[in-house]
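What follows is one structure encoded as structure tokens, with my remarks underneath.
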Amino acid sequence: GLSVDLQEIPQGTGSGFLWDKEHIVTNYHVIKDADRATVTFADHSVREALLVGAEPDCDLAVLKCNDRPKVPALEPGTSSKLQVGQKVFAIGNPFGLDQTLTNGIISGLGREMRGVTGRMMRGLVQTDAAINPGNSGGPLLDARGRFIGVNTMIASPSGAFAGVGFAIPSDTVNRIVTQIIKYGHAKHAWMGIYLSMDQWTEKLSRSLERQGMPRIQGALVLNVEPGSPAELAGLRPTLQSQQGILLGDEILAVDGKEVKSSDDIAALVDDKGIGETVEVTFLRRQRRVEKLTTKLTLTERPKRTHVASTARSNDPEGVPVARPKL
């Protein structure tokens, strides 16, 4: 029989697949923090690869390999027409065992899991096809061999496969990878706000209740990026003053859809296009609690954003709360 020593499996290894004549798609977490990347093809030839770009929130990365063997790219499929119970195949290198094929069915659609950056990944395809360490970045195929997803993670208490694996749907992959190849990064709509973590919001709500005040009802704005759509629309951040914390605006709804957390807002904004105008409904706690609305036009999210520690630093009421500790 075949014996596998788990200690001998190299770290930072994973799977990938050919997108076109020169590009390779894999998971972001496979190449994260890597100084260099090498690709081993089916004929066991090894090539150096360059990083074209990545989208950490979607756990996708694109590599470029000019001098590669002449093998065809996968036939694209569509994930919008997938059905629960449909037969699927997963290809990858679990535990360093290259070109391993497993099969199963689609167990669920539209799943949500928190990704490598902490943001919620939505619309995932759930499958019981075995996915193990090393499978990450490999393709999920339908019964006709068409690409329908990228294997990305498992739900398991032990770290080994327990019958619940997840893949990024091909429609999402196609949109993100096309943008990475064209621009070097994915384009996202952006409001320019930083929202409170759920734990801190809950802590503040309990404190407000003890003072006989209403709980925080929506997503609390901690900071507003200077020059952002949110600042231009007049949204206010949470401030630290000598008297204590002055709460920022609490976003209740975007385009009439109720929000309770940063994940809710992220999901709504992700569905919008750059240049779209949205209506934001929010509470403002001043001398009295007011329910207000404003409109803002979404812009492209910068490649790098930072907590606006200097935003409104001249505000007479206080300075922004940068990173609240729970």
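The values are calculated or read from the model by the stated rules, or taken from the named source; none is laboratory data. On a predicted model such as this, the values are computed, not experimentally measured, just so you know. When we count neighbours, we look across all protein chains shown, and the Cβ atoms used for this are built from the backbone with ideal geometry, even at glycine. Only protein heavy atoms, including side chains, enter the accessible area calculation; ligands, DNA and RNA are left aside. Shrake-Rupley method; radii C 1.70, N 1.55, O 1.52, S 1.80 Å.
A few points about this structure:
- Charges were assigned to the Cβ only: +1 to each Lys and Arg, -1 to each Asp and Glu. The resulting dipole of the chain about its Cα centre is roughly 720 debye.
- Note on segment 1-143: Lys pairs 8 or more places apart or on different chains, Cα atoms under 24 Å apart, count 4.
- Counting only alpha carbon atoms, the long axis of helix 170-183 and the longest principal axis of the chain meet at about 80°.
- Fluctuation leader among I181, I168, I131 - the chain, Gaussian network, Cα springs under 10 angstrom: I181
- For segment 100-195, convex hull of alpha carbons as volume per residue, Å³: 129
- Accessible surface, the chain, averaged per residue in Å² (probe 1.4 Å): 53
- Counting protein heavy atoms only, segment 205-264 has 45 percent of its accessible area on carbon and sulfur, 1.4 angstrom probe.
- Coordinate range of the alpha-carbon atoms in segment 180-300 per principal axis, descending: 53, 26, 24 Å.
- Rounded FRET efficiency, nearest 0.05, which uses the C-beta distance separating L208 from Q242 and R0 of 22 Å: 0.65
- Label corresponding to percent of Cα pairs over 30 Å apart when calculated from the structure given, among (i) 53; (ii) 44; (iii) 35: (ii)
- Proximal lysines relative to K260, as straight alpha-carbon distance under 22 Å, when same-chain residues fewer than 8 apart are discounted: K203, K272, K291, K295, K325
- This model, with +1 at the C-beta of Lys and Arg and -1 at the C-beta of Asp and Glu, gives segment 225-294 a dipole about its Cα centre of some 540 debye.
- For segment 211-277, radius of gyration divided by Kirkwood radius, i.e. Rg to Rh on alpha-carbons: 1.01
- Helix-only arithmetic for the chain: the sum of -39500 (n - 2.57) across DSSP H runs with n ≥ 4, divided by the residue total, places the mean residue ellipticity at 222 nm at -4000 deg cm²/dmol.
- Positive-end extreme of charge dipole, the chain - chosen from S207, L101, F89 (charges on Cβ): S207
- Considering only K64, K260, K81, the Gaussian network model of the chain with Cα springs below 10 Å gives its largest mean-square fluctuation to K81.
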